[in-house]
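S.K.: Got a structure for you, written out below as structure tokens; questions coming shortly.
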Amino acid sequence: MQNRITTRKNLLNSNGELTEKGYATALLLDYNRKDIKANFLRIKEWDYYLVMNEDYAVALTIADNSYMGLLSISLLDFKSAWFKTTSVIKPFTLGKLGLPASSKSGDIVYKDKRVTMAFLHEGNKRRLTCSMKKFSAGKDFSCDFILFDEPKDSIVIATPFPDNKKAFYYNQKINCIRSAGTASLGEQTFHFNEGSFATLDWGRGVWTYKNTWYWGSASGLLKGKTVGFNIGYGFGDTSAASENMLFYEGKAHKLDQVEFHIPMGGDKHHYLQPWRFTSNDRRFEMAFTPILDRADYTSVGIIASDQHQVFGKFNGTVVLDDGTILELKDFLGFAERVYNRW
């Protein structure tokens with residue numbers, strides 16, 4: 001049994017605790033940073049966009065984690081299994097980046113001497129622009145994307161943390177957003193035209209110090225129909241609801257529990273070996289063949305992050321709410337395991 005949130009209300013009560021725990025297919029709970037009663041240094045807010053086609057991907061992040069802000073760009077080339085991530089860290093942003101209280105409205109614009117990044121709403125479309133000097137090997141990077149035909153349904157989850165009543169994770173993930181545009185690195189241009197999709201990971205919350213999470217996502221076409229999924233676990237107490245969801249032609253189909261099976265040798269994960277995914281309701285059964293591991297490791301004092309976002313091809317079956325079985329073949333997406341001490 002998973003609790004579905006169906007009525008609009010404030011996300012937090014007067015004590016700074018979640019008013020309801022569970023999932024929804026839209027942002028029904030209203031987030032307000034001022035309602036948080038936890039230590040202000042524990043507040044974490046981010047917008048992460050991934051624009052991807054069969055050949056390339058660009059990931060853009062603007063995050064305000066209170067004690068530090070993060071502006072990050074990743075460029076991935078699946079044909080050559082190459083990637084580059086470059087990040088700029090700003091100390092003690094404390095909400096000054098002005099991330100909006102909703103994913104549906106409000107713009108984010110950041111600019112300094114090295115990087116410019118903007119996430120904009122333009123009517124019923126979104127526009128993502130950025131530029132960064134000396135992104136890779138002395139070459140500058142820029143991109144400009146338009147996101148359109150955003151589906152009605154998404155996965156929204158309000159998750160508590162068991163050891164701290166004032167800690168929570170409020171998250172929306174939107175799959176299957178059509179996208180078009182270009183990215184450039186030096187003199188090279190990467191085109192994102194027909195068949196390109198974007199994913200938004202919108203997060204607001206108060207996180208505990210140490211966490212390991214698992215997240216997987218994919219968006220694409222199956223016989224001309226849009227298909228996507230979001231799977232994951234590992235953060236907080238998800239007994240009220242999981243974030244596992246299928247999307248078919250813009251409509252959400254709720255899944256129960258999905259487990260990631262990452263190959264291991266001894267106590268080490270072998271991220272570039274084939275993975276498996278299984279579900280307790282047998283509605284998500286997948287093999288996963290990695291193409292590249294977008295690995296990133298940082299350790300500075302009490303802060304550490306060990307990220308493995310692995311891109312590859314999914315092969316298997318998913319089952320819609322009405323029992324319809326969809327077979328996915330070489331369906332491009334990613335799955336990740338991330339450990340953070342933050």
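The values are calculated or read from the model by the stated rules, or taken from the named source; none is laboratory data. None of the values given here were measured: they were computed from a predicted structure. Cβ sites come from the backbone with ideal geometry, for glycine too, and all protein chains shown count toward neighbours. Only protein heavy atoms, including side chains, enter the accessible area calculation; ligands, DNA and RNA are left aside. Shrake-Rupley method; radii C 1.70, N 1.55, O 1.52, S 1.80 Å.
S.K.: State all residues of the range 1-21 that are of a type outside the set (A, V, I, L, M, F, W, C), in contact with a Leu (Cβ under 9 Å, 6 or more places away or on another chain) and open to solvent by less than 50 Å² (accessible area, probe 1.4 Å); if no residue qualifies, say none.
M.R.: Listed by number, the list holds a single entry, 20.
S.K.: So if I check each of 230, 211, 193, which one is of a type in the set (S, T, N, Q) and over 26 Å from residue 43 (Cβ atoms)?
M.R.: After ruling out the rest, the residue left standing is 193.
S.K.: Still on this model: In the range 272-293, what count of residues is obtained for those that are in contact (Cβ under 8 Å) with a residue 40 or more places away in the chain and more than 13 Å from residue 260 (Cβ to Cβ)?
M.R.: Within the range 272-293, residues that are in contact (Cβ under 8 Å) with a residue 40 or more places away in the chain and more than 13 Å from residue 260 (Cβ to Cβ) number 2.
S.K.: Of (1) under 24 Å from residue 119 (Cβ atoms); (2) outside any strand (DSSP E or B), residue 70 satisfies all except one. Which?
M.R.: (2)
S.K.: If you don't mind, there's one more thing I want to ask. Name the residues in the range 267-300 that are assigned to a loop (DSSP other than H, G, I, E, B) and among the aromatic types (Phe, Trp, Tyr), would you?
M.R.: 271
S.K.: On to the next question. Does residue 246 satisfy being surrounded by 14 or more Cβ atoms within 10 Å (Cβ to Cβ), part of a strand (DSSP E or B), in contact with a His (Cβ under 9 Å, 6 or more places away or on another chain) and modelled with pLDDT of 95 or more?
M.R.: yes
S.K.: Please pick out the residue among 333, 232 that is under 16 Å from the mean Cα position of the chain (by Cα), assigned to a strand (DSSP E or B), in contact (Cβ under 8 Å) with a residue 40 or more places away in the chain and surrounded by 15 or more Cβ atoms within 10 Å (Cβ to Cβ).
M.R.: None of the other options fit; the residue is 333.
S.K.: Restricting attention to the range 300-325, report how many residues are crowded, with 17+ Cβ neighbours inside 10 Å and either over 19 Å from residue 57 (Cα atoms) or aliphatic (A, V, I, L, M) (or both).
M.R.: Residues meeting the conditions: 4.
S.K.: Check the range 268-280 and report whether any residue there is open to solvent by less than 50 Å² (accessible area, probe 1.4 Å) and within 26 Å of residue 168 (Cβ to Cβ).
M.R.: Within the range 268-280, one or more residues are open to solvent by less than 50 Å² (accessible area, probe 1.4 Å) and within 26 Å of residue 168 (Cβ to Cβ).
S.K.: Criterion first (modelled with pLDDT of 95 or more and either basic (Lys, Arg) or out of contact with any helix residue (DSSP H, G or I) (no Cβ under 6 Å at 6 or more places or on another chain) (or both)) does residue 228 satisfy it?
M.R.: Yes; evaluated as a whole, the condition is true for this residue.
S.K.: Return only the number of the condition from (1) in a strand (DSSP E or B); (2) under 30 Å from residue 210 (Cβ atoms); (3) among the hydrophobic types (A, V, I, L, M, F, W, C); (4) open to solvent by 10 Å² or more (accessible area, probe 1.4 Å) that residue 120 does not satisfy.
M.R.: The single condition residue 120 does not satisfy is (2).
S.K.: List the strands (runs of 3 or more DSSP E) that sit entirely inside the range 150-216 and contain at least 3 residues that are within 16 Å of the chain's Cα centre (by Cα).
M.R.: So the answer is 155-161, 164-185, 197-206.
S.K.: Same structure, new question: Specify which of the listed residues (37, 44) is in a loop (DSSP other than H, G, I, E, B), surrounded by fewer than 20 Cβ atoms within 10 Å (Cβ to Cβ) and not hydrophobic (A, V, I, L, M, F, W, C).
M.R.: One residue alone meets the criteria, 37.
S.K.: Specify the residue that is farthest from residue 127 (Cα to Cα); the eligible residues are those in the range 47-64 that are of a type in the set (Phe, Trp, Tyr) and surrounded by fewer than 21 Cβ atoms within 10 Å (Cβ to Cβ).
M.R.: 56
S.K.: So in the range 87-99, with the set limited to residues that are closer than 26 Å to residue 174 by Cβ and of a type in the set (A, V, I, L, M), which one is surrounded by the fewest Cβ atoms within 10 Å (Cβ to Cβ)?
M.R.: Residue satisfying both the conditions and the ranking: 88.
S.K.: Looking at the range 158-179, is at least one residue surrounded by 14 or more Cβ atoms within 10 Å (Cβ to Cβ) and farther than 26 Å from residue 8 by Cα?
M.R.: Within the range 158-179 (the criterion being surrounded by 14 or more Cβ atoms within 10 Å (Cβ to Cβ) and farther than 26 Å from residue 8 by Cα), the answer is yes, since at least one residue qualifies.
S.K.: Now for a separate question. Within the range 100-117, count every residue that is small (Gly, Ala, Ser) and crowded, with 18+ Cβ neighbours inside 10 Å.
M.R.: Summing the residues that are small (Gly, Ala, Ser) and crowded, with 18+ Cβ neighbours inside 10 Å in the range 100-117 gives 1.
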